[in-house]
1. Can you name every one of the strands (runs of 3 or more DSSP E) wholly within region 3-120 that holds 3 or more residues which are within 14 Å of the ligand (Cβ to nearest atom) and buried (at least 20 other Cβ atoms within 10 Å of the Cβ)?
2. Being surrounded by 18 or more Cβ atoms within 10 Å (Cβ to Cβ), more than 16 Å from the ligand (Cβ to nearest atom) and farther than 15 Å from residue 277 by Cα narrows it down to one of 192, 221, so name that one.
3. For residue 138, only one of the following conditions fails: (1) within 11 Å of the ligand (Cβ to nearest atom); (2) buried (at least 20 other Cβ atoms within 10 Å of the Cβ). What is its number?
4. Does residue 223 meet the test of being modelled with pLDDT of 95 or more, within 21 Å of the chain's Cα centre (by Cα) and of a type outside the set (Ser, Thr, Tyr)?
5. What residue, of 169, 202, 195, 141, is within 20 Å of residue 259 (Cα to Cα), over 12 Å from the mean Cα position of the chain (by Cα) and either outside any helix (DSSP H, G or I) or not acidic (Asp, Glu) (or both)?
6. So for region 259-275 (the condition being under 18 Å from the mean Cα position of the chain (by Cα), farther than 25 Å from residue 156 by Cα and among the hydrophobic types (A, V, I, L, M, F, W, C)), does at least one residue qualify?
7. Give 76, 116 a once-over and let me know the one that is out of contact with any Phe, Trp or Tyr (no Cβ under 6 Å at 6 or more places or on another chain) and closer than 26 Å to residue 38 by Cβ.
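The values are calculated or read from the model by the stated rules, or taken from the named source; none is laboratory data. Nothing here was measured: the structure is a model prediction, and the numbers come from that model. Every residue, glycine among them, receives a Cβ derived from its backbone with ideal geometry; neighbour counts consider all protein chains shown.
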Amino acid sequence: MHVTKTIEETRRQLAGAGRIALVPTMGALHVGHMSLVKRAREIADTVVVSIFVNPTQFGPGEDFTRYPRPLENDLAMCRAEGVSLVFEPTVDEMYPPAEVPVEIDVPSLTGVLEGAHRPGHFAGVCRVVTKLFQAVRPSVACFGMKDFQQLAVVRAMTAGLFLGVEIEACPTVREADGLACSSRNVYLKPGERPAALSLSKALREAHQLVADGETDPAPVEWAMRDQMQAHGVAVDYAAVRDPRTLSPVDMINTRLSPVVCLVAGRVGAVRLIDNAVLGG
Ligand code: AMP
(Lines give C-alpha, C1' and ligand atoms only; values in the text may rest on other atoms or scores of the structure.)
Protein backbone atom coordinates (compact mmCIF):
# COMPACT_ATOMS: atom_id res chain seq x y z
CA MET A 1 0.00 0.00 0.00
CA HIS A 2 1.38 3.39 -1.02
CA VAL A 3 0.99 6.41 1.24
CA THR A 4 1.30 9.72 -0.58
CA LYS A 5 1.34 13.29 0.68
CA THR A 6 1.44 15.26 -2.57
CA ILE A 7 -0.88 15.47 -5.56
CA GLU A 8 2.02 14.96 -7.95
CA GLU A 9 3.14 11.73 -6.27
CA THR A 10 -0.44 10.49 -6.05
CA ARG A 11 -0.97 10.95 -9.78
CA ARG A 12 2.39 9.31 -10.51
CA GLN A 13 1.56 6.25 -8.38
CA LEU A 14 -1.89 5.95 -9.94
CA ALA A 15 -0.77 6.14 -13.58
CA GLY A 16 -2.18 3.07 -15.35
CA ALA A 17 -4.21 2.01 -12.29
CA GLY A 18 -7.35 1.24 -14.31
CA ARG A 19 -10.71 2.07 -12.82
CA ILE A 20 -10.07 3.98 -9.59
CA ALA A 21 -12.55 4.27 -6.71
CA LEU A 22 -11.95 7.07 -4.21
CA VAL A 23 -13.19 6.95 -0.62
CA PRO A 24 -12.79 10.45 0.84
CA THR A 25 -12.50 10.48 4.66
CA MET A 26 -11.26 12.60 7.53
CA GLY A 27 -9.63 9.54 9.14
CA ALA A 28 -10.41 8.09 12.59
CA LEU A 29 -11.65 5.19 10.51
CA HIS A 30 -14.35 2.82 11.75
CA VAL A 31 -16.49 0.02 10.31
CA GLY A 32 -18.69 2.59 8.53
CA HIS A 33 -15.72 3.87 6.53
CA MET A 34 -14.55 0.32 5.88
CA SER A 35 -17.94 -0.58 4.37
CA LEU A 36 -17.27 2.15 1.78
CA VAL A 37 -13.83 0.64 1.13
CA LYS A 38 -15.37 -2.83 0.66
CA ARG A 39 -17.90 -1.41 -1.80
CA ALA A 40 -15.12 0.46 -3.60
CA ARG A 41 -13.20 -2.81 -4.02
CA GLU A 42 -16.25 -4.43 -5.62
CA ILE A 43 -16.70 -1.71 -8.24
CA ALA A 44 -13.14 -0.72 -9.20
CA ASP A 45 -9.66 -2.07 -9.88
CA THR A 46 -7.85 0.27 -7.50
CA VAL A 47 -9.08 1.67 -4.19
CA VAL A 48 -7.78 5.01 -2.96
CA VAL A 49 -8.65 6.34 0.51
CA SER A 50 -7.99 9.99 1.25
CA ILE A 51 -7.42 10.99 4.87
CA PHE A 52 -7.66 14.73 5.32
CA VAL A 53 -9.20 16.67 8.18
CA ASN A 54 -10.43 19.52 6.01
CA PRO A 55 -10.18 22.85 7.85
CA THR A 56 -12.54 24.70 5.48
CA GLN A 57 -15.55 22.58 6.45
CA PHE A 58 -15.23 23.35 10.17
CA GLY A 59 -16.73 26.55 11.54
CA PRO A 60 -15.17 28.72 14.25
CA GLY A 61 -15.61 26.97 17.61
CA GLU A 62 -16.08 23.53 15.99
CA ASP A 63 -13.78 20.59 16.71
CA PHE A 64 -11.12 20.96 13.97
CA THR A 65 -8.12 21.02 16.30
CA ARG A 66 -9.34 18.24 18.59
CA TYR A 67 -10.72 16.01 15.79
CA PRO A 68 -9.18 12.52 16.37
CA ARG A 69 -6.17 11.73 14.14
CA PRO A 70 -5.07 8.11 14.83
CA LEU A 71 -3.09 7.82 11.58
CA GLU A 72 -1.15 4.60 12.25
CA ASN A 73 -4.34 2.76 13.14
CA ASP A 74 -6.09 4.17 10.06
CA LEU A 75 -3.25 2.99 7.80
CA ALA A 76 -3.35 -0.49 9.35
CA MET A 77 -7.10 -0.71 8.71
CA CYS A 78 -6.62 0.36 5.09
CA ARG A 79 -3.80 -2.15 4.60
CA ALA A 80 -5.96 -4.96 6.03
CA GLU A 81 -8.80 -4.06 3.67
CA GLY A 82 -6.70 -4.13 0.48
CA VAL A 83 -6.50 -0.39 -0.17
CA SER A 84 -3.91 0.39 -2.88
CA LEU A 85 -3.10 3.96 -1.94
CA VAL A 86 -3.79 6.33 0.95
CA PHE A 87 -3.56 10.01 0.05
CA GLU A 88 -2.82 11.92 3.24
CA PRO A 89 -2.01 15.49 2.24
CA THR A 90 -1.02 18.41 4.43
CA VAL A 91 -3.25 21.49 4.67
CA ASP A 92 -0.71 23.43 2.59
CA GLU A 93 -0.81 20.80 -0.16
CA MET A 94 -4.60 21.10 -0.46
CA TYR A 95 -4.73 24.85 0.20
CA PRO A 96 -1.43 26.35 -1.02
CA PRO A 97 -0.90 29.58 0.94
CA ALA A 98 -0.69 31.57 -2.32
CA GLU A 99 -4.00 30.19 -3.63
CA VAL A 100 -6.78 32.64 -4.39
CA PRO A 101 -9.74 31.02 -2.57
CA VAL A 102 -12.34 29.44 -4.85
CA GLU A 103 -15.91 28.81 -3.78
CA ILE A 104 -18.39 26.31 -5.20
CA ASP A 105 -22.00 26.29 -4.07
CA VAL A 106 -25.21 24.36 -4.61
CA PRO A 107 -27.40 27.04 -3.03
CA SER A 108 -30.74 25.22 -2.95
CA LEU A 109 -29.19 22.32 -1.01
CA THR A 110 -26.57 23.98 1.17
CA GLY A 111 -28.61 26.64 2.99
CA VAL A 112 -30.92 24.25 4.86
CA LEU A 113 -30.58 21.70 7.69
CA GLU A 114 -26.83 21.15 8.29
CA GLY A 115 -26.03 24.20 6.18
CA ALA A 116 -28.30 26.42 8.28
CA HIS A 117 -26.62 25.24 11.50
CA ARG A 118 -23.07 25.12 10.14
CA PRO A 119 -22.63 28.17 7.87
CA GLY A 120 -19.85 27.59 5.33
CA HIS A 121 -19.69 23.84 6.01
CA PHE A 122 -20.81 22.72 2.56
CA ALA A 123 -18.73 25.35 0.78
CA GLY A 124 -15.75 23.65 2.46
CA VAL A 125 -17.03 20.20 1.50
CA CYS A 126 -17.55 21.20 -2.16
CA ARG A 127 -14.11 22.77 -2.30
CA VAL A 128 -12.25 19.80 -0.84
CA VAL A 129 -14.20 17.13 -2.74
CA THR A 130 -13.49 18.90 -6.05
CA LYS A 131 -9.81 19.16 -5.17
CA LEU A 132 -9.68 15.48 -4.16
CA PHE A 133 -11.37 14.49 -7.44
CA GLN A 134 -8.76 16.48 -9.37
CA ALA A 135 -5.87 15.05 -7.33
CA VAL A 136 -6.92 11.39 -7.64
CA ARG A 137 -9.00 11.50 -10.87
CA PRO A 138 -11.22 8.59 -9.87
CA SER A 139 -13.91 6.96 -12.03
CA VAL A 140 -16.15 6.56 -9.00
CA ALA A 141 -16.27 7.95 -5.45
CA CYS A 142 -18.04 6.32 -2.50
CA PHE A 143 -19.99 8.40 0.02
CA GLY A 144 -22.01 7.29 3.04
CA MET A 145 -25.74 7.87 3.37
CA LYS A 146 -24.97 8.67 7.02
CA ASP A 147 -24.20 12.18 5.72
CA PHE A 148 -27.33 12.33 3.58
CA GLN A 149 -27.21 16.03 2.80
CA GLN A 150 -23.52 15.86 1.92
CA LEU A 151 -24.30 13.06 -0.52
CA ALA A 152 -27.07 15.16 -2.12
CA VAL A 153 -24.76 18.19 -2.40
CA VAL A 154 -21.86 16.16 -3.85
CA ARG A 155 -24.16 14.46 -6.35
CA ALA A 156 -25.61 17.77 -7.53
CA MET A 157 -22.18 19.42 -7.72
CA THR A 158 -20.63 16.50 -9.62
CA ALA A 159 -23.49 16.39 -12.13
CA GLY A 160 -23.87 20.16 -12.43
CA LEU A 161 -20.17 20.78 -13.09
CA PHE A 162 -19.72 17.70 -15.37
CA LEU A 163 -16.98 16.44 -13.07
CA GLY A 164 -17.23 12.99 -14.65
CA VAL A 165 -17.09 10.99 -11.41
CA GLU A 166 -19.78 8.42 -10.59
CA ILE A 167 -21.14 8.83 -7.06
CA GLU A 168 -21.78 5.60 -5.20
CA ALA A 169 -24.10 5.87 -2.17
CA CYS A 170 -23.38 3.40 0.65
CA PRO A 171 -25.83 2.53 3.45
CA THR A 172 -25.31 3.72 7.03
CA VAL A 173 -23.48 1.24 9.26
CA ARG A 174 -24.75 1.13 12.87
CA GLU A 175 -23.53 -0.28 16.13
CA ALA A 176 -25.52 -3.19 17.60
CA ASP A 177 -27.74 -0.82 19.61
CA GLY A 178 -28.62 1.31 16.57
CA LEU A 179 -26.20 4.21 17.03
CA ALA A 180 -24.80 5.25 13.63
CA CYS A 181 -21.02 4.70 13.60
CA SER A 182 -19.22 8.05 13.65
CA SER A 183 -15.68 9.22 14.37
CA ARG A 184 -17.26 11.62 16.87
CA ASN A 185 -18.78 8.79 18.96
CA VAL A 186 -15.43 8.48 20.78
CA TYR A 187 -16.19 11.80 22.48
CA LEU A 188 -19.38 10.41 24.08
CA LYS A 189 -19.20 9.85 27.83
CA PRO A 190 -20.67 6.52 29.07
CA GLY A 191 -23.70 8.27 30.61
CA GLU A 192 -24.46 10.01 27.31
CA ARG A 193 -25.21 6.81 25.41
CA PRO A 194 -29.02 6.86 25.95
CA ALA A 195 -29.18 10.44 24.66
CA ALA A 196 -27.07 9.53 21.62
CA LEU A 197 -29.32 6.53 20.96
CA SER A 198 -32.41 8.73 20.95
CA LEU A 199 -31.55 9.92 17.41
CA SER A 200 -31.90 6.45 15.88
CA LYS A 201 -34.87 5.81 18.19
CA ALA A 202 -36.55 8.95 16.84
CA LEU A 203 -36.04 7.72 13.29
CA ARG A 204 -37.51 4.31 14.14
CA GLU A 205 -40.50 6.07 15.70
CA ALA A 206 -40.99 8.12 12.54
CA HIS A 207 -40.85 4.93 10.51
CA GLN A 208 -43.48 3.34 12.74
CA LEU A 209 -45.82 6.35 12.59
CA VAL A 210 -45.67 6.38 8.79
CA ALA A 211 -46.13 2.59 8.64
CA ASP A 212 -49.23 3.06 10.83
CA GLY A 213 -50.66 5.48 8.26
CA GLU A 214 -49.54 8.98 9.29
CA THR A 215 -49.42 11.17 6.19
CA ASP A 216 -48.88 14.58 7.79
CA PRO A 217 -45.15 15.40 8.22
CA ALA A 218 -45.74 17.76 11.18
CA PRO A 219 -46.66 15.13 13.83
CA VAL A 220 -43.79 12.94 12.61
CA GLU A 221 -41.37 15.84 13.09
CA TRP A 222 -42.81 16.59 16.54
CA ALA A 223 -42.50 12.95 17.59
CA MET A 224 -38.84 12.82 16.54
CA ARG A 225 -38.08 16.10 18.34
CA ASP A 226 -39.93 14.93 21.50
CA GLN A 227 -38.03 11.64 21.56
CA MET A 228 -34.67 13.41 21.43
CA GLN A 229 -35.61 16.20 23.85
CA ALA A 230 -36.93 13.63 26.35
CA HIS A 231 -33.36 12.26 26.46
CA GLY A 232 -31.80 15.67 26.97
CA VAL A 233 -30.61 16.22 23.40
CA ALA A 234 -30.36 19.88 22.32
CA VAL A 235 -32.16 19.41 19.01
CA ASP A 236 -30.94 21.35 15.96
CA TYR A 237 -33.58 19.91 13.64
CA ALA A 238 -35.96 16.99 13.14
CA ALA A 239 -37.29 17.17 9.60
CA VAL A 240 -39.17 15.19 6.97
CA ARG A 241 -37.92 16.16 3.50
CA ASP A 242 -37.91 15.28 -0.18
CA PRO A 243 -34.72 13.16 -0.56
CA ARG A 244 -33.68 14.83 -3.83
CA THR A 245 -34.43 18.51 -3.21
CA LEU A 246 -34.37 18.46 0.65
CA SER A 247 -37.49 20.66 0.50
CA PRO A 248 -40.32 20.17 3.01
CA VAL A 249 -43.09 17.81 1.86
CA ASP A 250 -46.82 18.60 2.14
CA MET A 251 -47.85 14.98 2.56
CA ILE A 252 -46.19 11.63 3.17
CA ASN A 253 -47.10 8.88 0.73
CA THR A 254 -44.10 6.58 0.53
CA ARG A 255 -45.75 4.36 -2.08
CA LEU A 256 -45.69 7.33 -4.47
CA SER A 257 -42.43 8.98 -3.44
CA PRO A 258 -39.88 8.34 -0.69
CA VAL A 259 -39.15 10.85 2.07
CA VAL A 260 -36.08 11.25 4.22
CA CYS A 261 -36.23 11.91 7.95
CA LEU A 262 -33.20 13.86 9.17
CA VAL A 263 -32.23 14.61 12.76
CA ALA A 264 -29.38 16.51 14.37
CA GLY A 265 -28.61 17.59 17.89
CA ARG A 266 -26.02 18.02 20.60
CA VAL A 267 -25.41 15.43 23.29
CA GLY A 268 -23.23 17.24 25.81
CA ALA A 269 -20.32 18.56 23.74
CA VAL A 270 -20.88 16.14 20.85
CA ARG A 271 -22.96 17.03 17.80
CA LEU A 272 -24.59 14.01 16.15
CA ILE A 273 -26.63 13.57 12.95
CA ASP A 274 -28.63 10.66 11.57
CA ASN A 275 -31.28 10.00 8.94
CA ALA A 276 -33.53 7.34 7.45
CA VAL A 277 -35.16 7.11 4.04
CA LEU A 278 -38.77 5.89 4.16
CA GLY A 279 -40.08 4.22 1.01
CA GLY A 280 -38.31 4.14 -2.35
P1 AMP B 1 -15.95 11.34 7.54
O2 AMP B 1 -14.60 10.76 7.79
O3 AMP B 1 -16.81 11.43 8.75
O4 AMP B 1 -15.88 12.61 6.74
O5 AMP B 1 -16.70 10.30 6.60
C6 AMP B 1 -16.13 9.85 5.40
C7 AMP B 1 -17.16 9.07 4.63
O8 AMP B 1 -17.61 7.96 5.40
C9 AMP B 1 -18.42 9.91 4.30
O10 AMP B 1 -18.85 9.59 2.98
C11 AMP B 1 -19.39 9.44 5.34
O12 AMP B 1 -20.75 9.57 4.95
C13 AMP B 1 -19.01 7.98 5.48
N14 AMP B 1 -19.47 7.43 6.75
C15 AMP B 1 -19.24 7.93 7.99
N16 AMP B 1 -19.89 7.21 8.93
C17 AMP B 1 -20.55 6.24 8.26
C18 AMP B 1 -21.43 5.17 8.65
N19 AMP B 1 -21.74 4.97 9.92
N20 AMP B 1 -21.94 4.36 7.70
C21 AMP B 1 -21.63 4.57 6.39
N22 AMP B 1 -20.82 5.56 5.95
C23 AMP B 1 -20.30 6.37 6.87
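1. In region 3-120, the matching strands (runs of 3 or more DSSP E) lie at 20-25, 46-51.
2. Sole residue among the options that is surrounded by 18 or more Cβ atoms within 10 Å (Cβ to Cβ), more than 16 Å from the ligand (Cβ to nearest atom) and farther than 15 Å from residue 277 by Cα: 192.
3. (1)
4. The answer is no for residue 223.
5. 202
6. So far as region 259-275 goes, yes, one or more of its residues are under 18 Å from the mean Cα position of the chain (by Cα), farther than 25 Å from residue 156 by Cα and among the hydrophobic types (A, V, I, L, M, F, W, C).
7. Of 76, 116, the one residue that is out of contact with any Phe, Trp or Tyr (no Cβ under 6 Å at 6 or more places or on another chain) and closer than 26 Å to residue 38 by Cβ is 76.
Condition check ((1) in contact (Cβ under 8 Å) with a residue 40 or more places away in the chain; (2) among the charged types (D, E, K, R)) across all residues:
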residue: 151; (1), (2): no, no
residue: 161; (1), (2): yes, no
residue: 175; (1), (2): no, yes
residue: 184; (1), (2): yes, yes
residue: 203; (1), (2): yes, no
residue: 212; (1), (2): no, yes
